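The values are calculated or read from the model by the stated rules, or taken from the named source; none is laboratory data. Keep in mind that what you see is a predicted model, and the values were worked out from it rather than measured. Cβ atoms come from the backbone with ideal geometry, glycine included; neighbour counts cover every protein chain shown. The protein model used for the area step is the full one, side chains on, heavy atoms only, and it has no ligands, DNA or RNA in it. Shrake-Rupley method; radii C 1.70, N 1.55, O 1.52, S 1.80 Å.
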There are 2 protein chains.
Amino acid sequence: MAILVTGGAGYIGSHTVAELLDQGKEVVVIDNLLTGHKEALLGGKFYEGDLRDKALLAKLFAENDIEAVIHFAASSLVGESMKDPVKYFDNNVYGTLCLLEAMDQAGVRSIVFSSTAATYGEPDKVPIEETDATHPANVYGETKLTMERMMAWFDQVLGIKYVSLRYFNAAGAHESGKIGEDHRPESHLIPLILQTALGQRPSIQVFGDDYNTPDGTCVRDYIHVSDLADAHLRAVDHLMKGGDSEVFNLGNGQGFSVKEVIAKVKEVTGRDFPVVVSPRREGDPAVLIASSDKARSVLGWQPKRNKLDDIIRSAWEWHLHHPDGYGDK
Amino acid sequence: MAILVTGGAGYIGSHTVAELLDQGKEVVVIDNLLTGHKEALLGGKFYEGDLRDKALLAKLFAENDIEAVIHFAASSLVGESMKDPVKYFDNNVYGTLCLLEAMDQAGVRSIVFSSTAATYGEPDKVPIEETDATHPANVYGETKLTMERMMAWFDQVLGIKYVSLRYFNAAGAHESGKIGEDHRPESHLIPLILQTALGQRPSIQVFGDDYNTPDGTCVRDYIHVSDLADAHLRAVDHLMKGGDSEVFNLGNGQGFSVKEVIAKVKEVTGRDFPVVVSPRREGDPAVLIASSDKARSVLGWQPKRNKLDDIIRSAWEWHLHHPDGYGDK
């Protein structure tokens, strides 16, 4: 029996594939490689293609004995989603519908799903709990919430059980040094700072230092990508043991400000670089911190690399030795 | 300039086409005729096909100068939606996405959209207002709510203005006697009772007479299909005059119980027939009544055929002279 990983050549997908392979699992990956990297796949059987290619999906399910699906494949750039909503609803929502249809036809009844803190939008309170109101502030978050709601109906009507994992800020790289973060364009804070430390960018921009936070910059909850990967494996186990459908936040429960992250990068890398303070960006909440109590109690999940130092050190190792990422884009 | 009516060969669609033609508008219809009837089209230019056929949609928008879209095309059987969610998300949500994409490409920036009271689910209070919470109790309602949410983003990002009309119970037939209600299978109360009066069904089933209502049977808000059609034209005018995106309930604001409707049918038709009381159906709220104050004040809409007698008389005229409906299914 194999685990199907959609978007397995992406950042979190590839780290999850690595974790599955480490545990001796049989892995099948589908990825259209539009944003993923073939080189990020450390093993498993690979299908290059899109979830909306129904014939390919049917072939994949016919050729493999899939026991569960871990579903990462999606477009995930907030800014792009606010320019091209068609792309996001089509790729994310319709792509997921095609996947659920193929799962139903193949009799696969378990899916672990990559959701996001963006489903909450501006939070009513922090730390954010899973029962808090969801009011996405961008199309990306809306499509992920729509995917969750759709899955709830596929559970109720067709008995397809799901675990939805709402990530906060994924960061860091695999301890092997073989895989790490390589987004084109890059929009995440830690790789942007590391690229600045490498001299690939002239300076790092801080959007707003007048927020109501201890040092005035935004506070986010960073979580190591290998801890995220571990949570996915635990979520699959939960479903395989007959566990019910659930939504879990995944974060450290600990926030770091933009200034703290920059200072830590300077410390870890021993390099200095210019920091430019720009005006606030629209739609950036001051503080986003997750309560992950539910994942800890139900999944027995415990982030192991939860010091900012661990996260940045692993990411720096990757960037230092792969200054051009996978070099394929 | 023409108005595109998707699903224009359906029940409410065909009555809206009739109203548009009466007002001298140029009308283009697209309908896949899976549930619609070619004979229900009293005029206009007709394209037979599906919204998910992107090539056909592009052709339609290229061949016609469309100023606004009235969007009815959807699968709309609650029971079926709870057996086949793929069909409902695919046809309703993905179909609407394809339509919005084609509109965007053609520069069409106005859409009036057929939504439903089913977006509310079990209401928190009656009469239901547009600002009340939405928690659909079935896949059909969920897909319509998803379509609304998607449109809100297409408005925000691409400036496509929308009016979403949440209907309560559409009933009645056109005064010309030429068009009326013909669903296969039929699931609506008034045609089912009329078919019983015609002897086409042995009896009419009442699902539960122990609700907390005056006579124990469910209370619903019936609205004449020609009044609904009129609201669609007013909604198009609202958008053409630069009005903002809005959601409106459409109902009488007056509820009638199942027993009252049956009694009125017996009175209007002069026929008697057996009534069988069965247990409650799951998911039927006791009372669904709309507040349509907002449509009245913003659109100047005023239902003209709002007596139960008017509604049933017009429907009976249609059923009596078209006992086999359009006779095409």
**Study point:** A/B buried area, accessible surface, summed, 1.4 Å probe, Å²
**Key:** 2200
Check your understanding: Hey, any idea what Rg/Rh is for the range B:51-187, computing Rh the Kirkwood way over Cα pairs?
Key -> 0.98
Exercise for review: Pop a pseudo-label 7 angstrom from the Cα along the beta-carbon direction at both B:LYS307 and A:ASP215 and give the gap in nm to one decimal.
Suggested key: 7.6
Exercise for review: In whole Hz, with x marking every Gly and Pro, tabulate ³J(HN,Hα) for the range A:76-92 from phi via Karplus 6.51 cos²θ - 1.76 cosθ + 1.60, θ = phi - 60°.
Suggested key: 9, 9, 4, x, 4, 4, 8, 10, 10, x, 4, 4, 6, 5, 5, 5, 7
**Study point:** Value of [θ]222 nm, deg cm²/dmol, for chain B, DSSP H segments ≥ 4, -39500 (n - 2.57) each, nearest 500
**Key:** -11000 deg cm²/dmol
Review point. Taking H as built 1.01 Å from N, whose amide H comes closer than 5 Å to the amide H of A:GLU26, not counting residues under 5 places away?
Key: A:ILE3
Review point. Under the classification rounded if a/c is under 1.5, otherwise prolate if a/b is larger than b/c and oblate if not, where does the range A:1-70 fall, given a ≥ b ≥ c as square roots of the Cα gyration tensor eigenvalues?
Key: oblate
Exercise for review: Enumerate the amide H contacts of A:VAL163 below 5 Å, restricted to partners 5 or more residues apart or on another chain; note that Pro and chain-start residues carry no placed amide H.
Suggested key: A:ILE111, A:VAL112, A:PHE113, A:GLU246
Practice item. Using a Förster distance of 22 angstrom, determine the FRET efficiency expected from the C-beta separation of A:GLN205 and A:GLU260, and round it to 0.05. Key: 0.85
Check your understanding: If you average 1/r over every pair of different alpha-carbon atoms in the protein assembly as shown and take one over that average, what Kirkwood value in Å do you get?
Key -> 27.0
Study note, to complete from the structure: Distances in nm between the label point of B:GLY283 (7 Å along Cα→Cβ) and its equivalents in the other copies, shortest first, are 3.3
**Study point:** Whole-angstrom Cα spans of the range B:155-194 along principal axes, big to small
**Key:** 46, 24, 17
**Study point:** Whole-angstrom gap from the range B:73-138 to the range B:242-298, using each part's C-alpha centre
**Key:** 19
**Study point:** Per-peptide average of other Cβ atoms within 10 Å, ordering A:195-204, B:6-15 highest first
**Key:** B:6-15, A:195-204
Practice item. Within the range A:285-329, find all residues whose amide N lies under 17 Å from a label point positioned 7 Å from the Cα of A:LEU198 along Cα-to-beta-carbon. Key: A:312-329
**Study point:** For residues of A:168-179, the mean tally of beta carbons on other chains within 10 Å
**Key:** 0
Study note, to complete from the structure: Of all C-alpha pairs within chain A, those more than 36 angstrom apart amount in percent to 14
Check your understanding: For peptide B:81-90, how many partner chain Cβ atoms fall within 10 Å of a residue's Cβ, on average?
Key -> 5
Review point. Extension gain B:GLN156-B:HIS135, at 0.36 nm per residue separation less the Cα-Cα distance, in nm?
Key: 5.2 nm
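Do the alpha carbons of any pairs in B:LYS178/B:LYS329; B:LYS144/B:LYS294; A:LYS38/A:LYS241; A:LYS161/B:LYS83; B:LYS87/B:LYS144; A:LYS144/B:LYS241 sit beyond 25 Å of each other, and which pairs?
A:LYS38/A:LYS241; A:LYS144/B:LYS241
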Practice item. Give me a single rounded figure for B:155-164: the average over its residues of other chain Cβ atoms within 10 Å of their Cβ. Key: 2
Practice item. Place the peptides A:186-192, B:251-257 in order of packing, highest mean first, counting for every residue the other Cβ atoms within 10 Å and averaging per peptide. Key: B:251-257, A:186-192
Point to revise | Peptides ranked, highest mean first, by Cβ atoms within 10 Å: ranges A:174-185, A:205-216 | key: A:174-185, A:205-216
